[in-house]
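A.B. asks: Got a structure for you, written out below as structure tokens; questions coming shortly.
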Amino acid sequence: MSLISRIIIVLLVAMAPYLRAQDSSLGTPIPLWADGAPGALGDKDQDKPTLTPYLADPSKANGTAVVICPGGGYGGLAGHEGKDYALWLNEAGVHAFVLKYRLGSHGYRHPIMLGDAARAVRVVRSRSEAWKINPQKIGIMGSSAGGHLASTLLTHFDGGKAETTDSIEKQSSRPDFGILCYAVITMGKYTHQGSKRNLLGTDPSNPLVEFLSNELQVTGNTPPVFLWHTVEDTAVPVENSLQFAAALRAKGVPFDLHIYEKGRHGIGLANGHAWTKDCLFWLSERGLLKN
């Protein structure tokens, strides 16, 4: 064997862990239900909710995981609020899972979206050993309407279904923490009308509107939350985050609220926005960035 061949082999062996990490970090979509999703209206891609894993490099991984719900008014899914967030979290050693949930633009209404989000958390928890995740360090994150979905699971979770034969459904759907970015919270006065219409239809009942106004559904068992908004947001008023923070405060739930003066709706990671640093500080303070 030539010297060059030997050097190549040594380099490939040395790089193998890194290459495996890169491959696994990209992942491929995983169906939330292997035999078809409950309530599916068809058999198209839009009828098949999935979870795409982005696993942190093993040298950085700290056992924390986040299910990410992109925004889009319950009518679409914004890529920059999905994969981009996942890769940012990976840099902090956090495993990320981007949820493709079913949409109002394809004929779906509540509780389908909530069911998809709950299933996503259960899937991650059920595979925590394989993915080297601490099952008590699984959070949910969402932006805009995805933030509404995340806040809905934060206030409408369950402890698992003991009577089922589905091992995934036996898992709790309660997130251990939440990250809400310029989130739609209420279905009331300050709601985003397009999100409300896509989620609840054109003429929802008052009890349904109240049930999905998540500032009214906070309890003492709601998980800790990091939430941020901008005053300049004209699509989803800042009152959404203010009201949710007030509800968390009233119930004694730990939270970290940041209101920034500047920034359009849907800003995501643009311009190196300060929220990313504040969020990582909060995660670190809660012990979520260390093994």
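A.B. asks: Can you confirm whether Gly287 is surrounded by fewer than 20 Cβ atoms within 10 Å (Cβ to Cβ) and under 23 Å from Asp158 (Cα atoms)?
C.D. replies: Considered against the rule, which asks whether it is surrounded by fewer than 20 Cβ atoms within 10 Å (Cβ to Cβ) and under 23 Å from Asp158 (Cα atoms), Gly287 comes out as no.
A.B. asks: Something else about it: Among Ile133, Ile179, which is the only one that is surrounded by fewer than 24 Cβ atoms within 10 Å (Cβ to Cβ), touching a strand residue (DSSP E or B) at 6+ places or on another chain (Cβ under 7 Å) and β-branched (Val, Ile, Thr)?
C.D. replies: Going through Ile133, Ile179 in turn, just one is surrounded by fewer than 24 Cβ atoms within 10 Å (Cβ to Cβ), touching a strand residue (DSSP E or B) at 6+ places or on another chain (Cβ under 7 Å) and β-branched (Val, Ile, Thr): Ile133.
A.B. asks: Answer with yes or no whether Gln217 is touching a helix residue (DSSP H, G or I) at 6+ places or on another chain (Cβ under 8 Å), surrounded by fewer than 19 Cβ atoms within 10 Å (Cβ to Cβ), touching a residue at least 40 places away in the same chain (Cβ under 8 Å) and not β-branched (Val, Ile, Thr).
C.D. replies: Taking the combined requirement at face value, the residue satisfies it.
A.B. asks: Something else now. List the pairs whose first member sits in the stretch 240-258 and is over 17 Å from Leu212 (Cα atoms), whose second member is assigned to a helix (DSSP H, G or I), and whose Cβ atoms are under 7 Å apart, counting only residues at least 6 apart or on separate chains?
C.D. replies: Phe255/Ala245; Phe255/Leu248; Asp256/Trp282; Leu257/Ser241; Leu257/Ala245; His258/Trp275; His258/Asp278
A.B. asks: To continue, here is another question. For the stretch 94-143, name all the residues that are in contact (Cβ under 8 Å) with a residue 24 or more places away in the chain, within 15 Å of Leu51 (Cβ to Cβ), assigned to a loop (DSSP other than H, G, I, E, B) and of a type in the set (Lys, Arg).
C.D. replies: The answer is Arg102, and nothing else.
A.B. asks: Suppose we filter the stretch 57-93 for residues that are closer than 21 Å to Val123 by Cα, within 16 Å of the chain's Cα centre (by Cα), part of a loop (DSSP other than H, G, I, E, B) and of a type in the set (A, V, I, L, M); how many remain?
C.D. replies: Total meeting the criteria: 1.
A.B. asks: Can you spot a residue in the stretch 260-270 that is among the hydroxyl-bearing types (Ser, Thr, Tyr), outside any helix (DSSP H, G or I), surrounded by 13 or more Cβ atoms within 10 Å (Cβ to Cβ) and touching a Gly at 6+ places or on another chain (Cβ under 8 Å)?
C.D. replies: Checked the stretch 260-270: no residue is among the hydroxyl-bearing types (Ser, Thr, Tyr), outside any helix (DSSP H, G or I), surrounded by 13 or more Cβ atoms within 10 Å (Cβ to Cβ) and touching a Gly at 6+ places or on another chain (Cβ under 8 Å).
A.B. asks: Would you mind finding the one in Leu41, Leu51 that is hydrophobic (A, V, I, L, M, F, W, C) and either within 26 Å of Arg127 (Cα to Cα) or at pLDDT below 95 (or both)?
C.D. replies: Leu51
The values are calculated or read from the model by the stated rules, or taken from the named source; none is laboratory data. What you are looking at is a predicted structure, and each value in this text was computed from that prediction instead of being measured. Because the Cβ atoms are built from the backbone with ideal geometry, glycine has one as well, and the counts that use them run over all protein chains shown.
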